[in-house]
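Structure first, then comments.
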Amino acid sequence: MFFLLGFVKLQSVYIFVSSARLRFSETMKKPNGICNHSNEDVIQESEILGKLPLLYDDDSGYKSRRFLSSTENDYKEHEPQTSFHELDALFQDTTPPICLQELADIESQYSELIKPCAEGQDVVGSEASERKLSTDEVIRLGGERFIQSRSSTSINNISISSHPYVSLFSGLSDQELKEIQLVEYLLLCSEKVSQQHFERSSMLLDWCDELSSSSGNPIQRIVYYFSKALREKIDKETKGITLSGLGKKHVYDIESRMMNPNMTTISIYQKLPFYQAGHFSGTQVMVDRLSRSKRVHVIDLSIRQGVHSTILMQALSSQPDSRTKHLKITAVGTGFETQIKQTGDRLKSFAASLNLSFSFNMVIVEDMRDFNKDLLELDSKEALGVYSSYGLWSLIPQQDRLEHLMKVIKSTKPRVMLVCETATNLNSSSFVNRFIEALFHYGAVFDSLEDCMDREDENRLITESMYLGKGIRSIVTDEGSERVIRHVNIDVWRKFFSRFGMKEIGFSISSLYQAMLVAEKISGGSSCTFDMEGNSLVIGWKGTPIQCLSAWKFS
């Protein structure tokens, strides 16, 4: 039932996108550099002929939106290089050392909010003061306060009135000042934990607990979960309290919930625009590469509820020039056989409603090292594609299995492989680096939930506690082989894929506009941003990267 409810809305969105695409010329050229998009910008017909316009200018790009750290404050976790199957340096640490002292010098689209201005000048400005700060802005202003006040010898000295750059925060509301101070407390606590000053960090956590809430505004919510994770980390360090295997169970619980149709996952998918934008754009890549063939075969490494497969079905069945007569999907997995079979049954029913010839196969192996080409029932007459939406990250701690999977995929000689993964590096071996990256990433997600869902929405509360809260816990609390949440950015995936002769093929104009048009259709979609990172599409929230789509072919 839930599955079908989601498709009703999907079908209306697809019809809208299909008709809107006709407005754009297929002769438009691929843009150079970064193309940021905000739905508040107006696209003129003359601007989109011959090129993809820069719909939202941001000279700094998204890469600079982070704290950096000094050498003397670069606190490394003591993780042996031989951990998790002797994983090599490629996935070990993918961010440069953080230099907390240099935040005030970072150029970004919010630089006027961060840097002290000339005497007598309004720091925030009339335009900024009339709107509420985003979660990202609050976090970075909290970081600025942390930098300026970290030399204080007493916790009690930390206050807005005693801040050496007090004019920096003029024009902000009392609530925003409290949120900035709360972020500062959290950063101070993380630093003290990294230095193993547990008594002082516990005092700071008491303040964080008092001022945060799992049902408050985004800053209060995110601090609640980070504070909870830091307290557990302190208990592990001081009391030896640990729940062995909890991280792996967390990943299993997430996969289990994603495999079973439920109102929470459908509600999140419908209301957070970047998820639908990613699915539609990724589907268009598959259509561009495969739809001219009579028989299409898609190997799906992350079938789950099959939502993206239904979009592909609608695309193939509605293309006026499509030659596709039959679609075959092969779902690959290491578990959840019953749920995958149920997904296949639903997809068969959906294909029948579209009068699309369709077949569904499953390849379930106990261990990914048992996966091989012969299990896929390949046909030389089929146009083969591979689809992976968040299907690779969980194998990062198991490099032998990840490499085996990629070798098998390469042997099938697909025309295209579509990969969607988290656009942020959450795998640094440095606790401080990892903590700050996670704070920005989850801050953007919590911000999107605030804008797109009610605070009392049960599905939002479940998402924050069941998915986001446990992800934060793994990143902050676990070390070594216990840490299973190990997302890496596109630069790392590029280096890894290069081992298998994979070449990035980029996105068509149709694929880019699929994402933009879907975002426009959903409430809150104006906050989605679309950046070209090389040939990959980075979909973000108010400029902070959330997910990255890339398309590949094998040489």
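Summary of computed values
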item: Every residue from region 181-208 that is touching a residue at least 40 places away in the same chain (Cβ under 8 Å) and open to solvent by 20 Å² or more (accessible area, probe 1.4 Å); result: SER194, GLN195, GLN196, PHE198, ARG200, MET203
item: Matching residues in region 271-328 - criterion: being in contact with a Lys or Arg (Cβ under 6 Å, 6 or more places away or on another chain) and touching a residue at least 40 places away in the same chain (Cβ under 8 Å); result: ARG289, ARG292, LYS294, ARG295, HIS297
item: Qualifying positions in region 266-280 - under 14 Å from LEU418 (Cβ atoms), open to solvent by less than 10 Å² (accessible area, probe 1.4 Å) and out of contact with any strand residue (DSSP E or B) (no Cβ under 6 Å at 6 or more places or on another chain); result: PHE280
item: Evaluation of VAL223 against (1) part of a helix (DSSP H, G or I); (2) open to solvent by 30 Å² or more (accessible area, probe 1.4 Å) (one fails), failing number; result: (2)
item: Subset tally (residues that are touching a Lys or Arg at 6+ places or on another chain (Cβ under 8 Å) and within 28 Å of ARG460 (Cβ to Cβ)) for region 193-208; result: 2
item: Residue ID - nearest to ASN425 (Cα to Cα), chosen from residues in region 504-555 that are acidic (Asp, Glu) and more than 18 Å from the chain's Cα centre (by Cα); result: GLU504
item: Selection from region 303-331 of residues that are of a type in the set (Lys, Arg) and in a loop (DSSP other than H, G, I, E, B); result: ARG304, ARG323, LYS325
item: Residue that is most open to solvent (accessible area, probe 1.4 Å), among those in region 360-385 that are in contact (Cβ under 8 Å) with a residue 40 or more places away in the chain and more than 28 Å from the chain's Cα centre (by Cα); result: LYS381
item: Of the criteria (1) more than 26 Å from THR265 (Cα to Cα); (2) in contact with a strand residue (DSSP E or B) (Cβ under 6 Å, 6 or more places away or on another chain), which one SER508 fails; result: (2)
item: Filter result for GLY501 (more than 18 Å from the chain's Cα centre (by Cα), on the phi > 0 side of the Ramachandran plot and surrounded by fewer than 18 Cβ atoms within 10 Å (Cβ to Cβ)); result: yes
item: Residues being open to solvent by 10 Å² or more (accessible area, probe 1.4 Å), closer than 19 Å to VAL416 by Cα and in a helix (DSSP H, G or I) - total across region 511-555; result: 0
item: Failed criterion for ARG289 (all others in (1) within 19 Å of SER511 (Cα to Cα); (2) outside any helix (DSSP H, G or I) hold); result: (2)
item: Those residues of region 378-389 which are more than 11 Å from ILE329 (Cα to Cα) and in contact with a strand residue (DSSP E or B) (Cβ under 6 Å, 6 or more places away or on another chain), in sequence order; result: LYS381, GLU382, ALA383, SER388, SER389
item: Any chance LYS341 is among the basic types (Lys, Arg) and within 23 Å of ARG289 (Cα to Cα); result: no
item: Condition check for PHE507: out of contact with any Pro (no Cβ under 9 Å at 6 or more places or on another chain) and part of a loop (DSSP other than H, G, I, E, B); result: yes
item: Residue pairs meeting the criteria (Cβ under 7 Å; at least 6 apart or on separate chains; first within 19 Å of MET263 (Cβ to Cβ), in region 458-480; second open to solvent by less than 30 Å² (accessible area, probe 1.4 Å) and at pLDDT below 95); result: ASN459/THR264; ASN459/SER267; ASN459/ILE268; ILE462/THR264; THR463/THR264; THR463/ILE268
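The values are calculated or read from the model by the stated rules, or taken from the named source; none is laboratory data. Source: prediction; values computed, not measured. Please note: Cβ atoms are built from the backbone with ideal geometry, for glycine as well, and neighbour counts cover all protein chains shown. Accessible surface areas use protein heavy atoms only, side chains included; no ligands, DNA or RNA. Shrake-Rupley method; radii C 1.70, N 1.55, O 1.52, S 1.80 Å.
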